[in-house]
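Notes follow once the structure below has been shown.
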Ligand code: PMP
C-alpha cells in the first residue's frame, strides 16, 4: 500500500475546473465567464502594450541579471506600489511609516499578512463578508485563524446590507481581523458608499478590529487609479494602522507573473522597521525571495511618467470596455423581455456581475448553453464581447423563464 493511501481526493477548485472544462469543450459557441481575467472584444487575453515595451527593453538590457532579489522584494517596486495605492501626499507615506513587502500575487500578500497577524500578533479570528472570494476562508484557515462571516449582500435589494454588516462586526471578539475588499467587491461587484465606509471605519476603530484591505482591482471600477484607492486612503488619513494586499494581476494583466505587494501602514517608522523585519523572517521560510520579472515591469512603469501615463490609458480602455458590456447586456435582456429587474447589471462595478441566477440556473447555463460561470451566479463581464452577447442574453432569458 502507498504511504499516501489515507489521503483523500481533494475537491476541485471551482474556477479552475471551469476553465479546464471550457478549454476541453468543442462547442463552437462556448463562452467563458468564469475566471476573472480581462479579454478584449476579440475574446483574447490582452498583453498591455506598455508591458510589451518594458519586456523588450529588459530583454536587451545587459545590466540585468538573475541574482536573488532581497527577501522583501525589489525596492522600487515596493515603494511604487505603496505610493500608487496611498497617493504621494498620504501622511503615512510622507512620514516614512509605510513598508512594502513584495509577494507572489495578491494571494501571496494575503499570506504574508495572515502569517504575521497570526504568528507575531496572535490574532485569532478573521471576519469575511458573505459572500466573499472563496480563497479568503481557506487561506486564513490554513494560517491558523478561525473564520467568521459578517452579513454583506442583500439579495432582495441587490445592495450592501450595511446594518447587518455593522451589527455583526460589533459582536467581534477581541483579536479579530476583518478583510475588507478595497474596491470592486468580489463576487458581488457592489461596494459600500463613502458614507458607509465611514461607518465601517467607526466600528473597526471602536472594536479594535485589525483592517486588512484586499485590493485586487484598483482601476477596474472607475478606470482611475486614484478614485479606486479612496477607501484605502481614507483609512490611512483616519490614522489606522492597517495592511493592504495589492494584486497587479488584473490591472497590469500580469496574472501568471504573480506580482503582489503587502502595503504595511504603521503609526511610526520604528514600528514599520520592526514589522518589516519580522515579515522578512516569515517570508524567508515560505518562498525566501520573490520573483523578478513581473515586479520589474511594474516598477519600471510606476517610476517612469510617460510609461505610467500610457498604462493609465490602458486601464481606462479595460474598464470602459467592461462598462460597455454591462450596458449592452442590460439592454439586450430588457429588449428580449427577460423577466425581472436587471438594473444591477449596470449598477455593479468592477470585473464581476452577481447576476442573481441561482445555482440550478447557473448550472443550466453551463450544461445546456456551454456558458461557463460560477454556481453562485457570478459572471466575469470581461468574458462578454459583441460576438457572444446575444447568445448569452438569450441563454439567461431561457434559464430564468423555464
Ligand atoms: N483578492 C481577490 C478579491 C481576488 O479576486 C483575487 C484574484 N482573483 C486576489 C485577491 C488574488 O489575486 P492574485 O491572482 O494576484 O493572487
Just the Cα atoms of the range 39-180: what Rg and Dmax do they give in Å?
-> 19.9, 59
Compute the whole-percent fraction of alpha carbon pairs in the range 270-388 spaced more than 26 Å apart.
-> 49
Under a no-solvent Debye model with one identical scatterer per Cα of the range 97-136, what's log10 I(q)/I(0) at q = 0.27 Å⁻¹?
-> -1.05
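How high is the relative contact order of the range 1-120? Use alpha-carbon pairs under 8 Å, at least six apart in sequence, and give a whole percent. Each step should come with its number before you reach the end.
Numbers: 46 pairs, mean separation 15.8, N = 120.
Over the range 1-120, the number comes to 13 percent.
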What angle do you read, to the nearest 10 degrees and between 0 and 90, between the alpha-carbon axis of helix 305-335 and the longest principal axis of the chain?
-> 30
CD proxy, 222 nm, the chain: helix-only mean residue ellipticity via -39,500 (n - 2.57) per DSSP H run with n ≥ 4, per residue, nearest 500, stands at -13500 deg cm²/dmol
Between residue 64 and residue 280, what FRET efficiency follows from the Cβ-Cβ distance if R0 is 25 Å, with the result rounded to 0.05?
-> 0.60
Between residue 13 and residue 47, with labels modelled 7 Å along Cα→Cβ, what's the label distance in nm to one decimal, could you check?
-> 2.4
Enter the angle in degrees (range 0 to 90, nearest 10) between the Cα long axis of helix 14-24 and the first principal axis of the Cα atoms of the chain, meaning the one along which they spread out most.
-> 60
Degrees separating the helix 105-115 axis from the principal Cα axis of the chain, which is the longest one | 50
Contour minus Cα-Cα span, residue 2 to residue 171, at 0.36 nm per residue, comes to 56.1 nm
Comparing 236, 277, 353 in a Gaussian network model of the chain (Cα, 10 Å), the one with the largest mean-square fluctuation is 277
On a C-alpha basis, how far is the centre of the range 70-113 from the centre of the range 127-182 in Å? Whole number, if you could?
-> 24
In nm², what is the average projected area of the convex hull enclosing the Cα atoms of the range 75-303?
-> 11.4
Rounded to the nearest 5, the percent of antiparallel DSSP beta bridges in the range 75-303 equals 45
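When N counts the residues of the range 163-233, how does its alpha-carbon radius of gyration compare numerically with 2.2 N^0.38 Å, as a ratio? Mind showing how you got there, number by number?
Numbers: Rg = 12.4 Å, N = 71, 2.2 N^0.38 = 11.1 Å.
Against the empirical 2.2 N^0.38 Å value, I get 1.12 for the range 163-233.
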Roughly what % of DSSP beta bridges within the chain run antiparallel, to the nearest 5?
-> 45
Relative contact order as a percentage, the range 75-303, C-alpha pairs under 8 Å and 6+ apart, gives 31
Rg(Cα) / (2.2 N^0.38 Å) computed for the chain, rounded to two decimals = 1.00
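For the chain, what relative contact order do you get, as a whole percent, if you take Cα pairs closer than 8 Å and at least 6 residues apart?
The value is 26 percent.
We did not get these values from a lab; they are worked out from the coordinates using the rules stated. Model, not experiment: these values are computed from the prediction. FYI the Cβ positions are ideal-geometry reconstructions off the backbone, even for glycines, and counts take in every protein chain you see.
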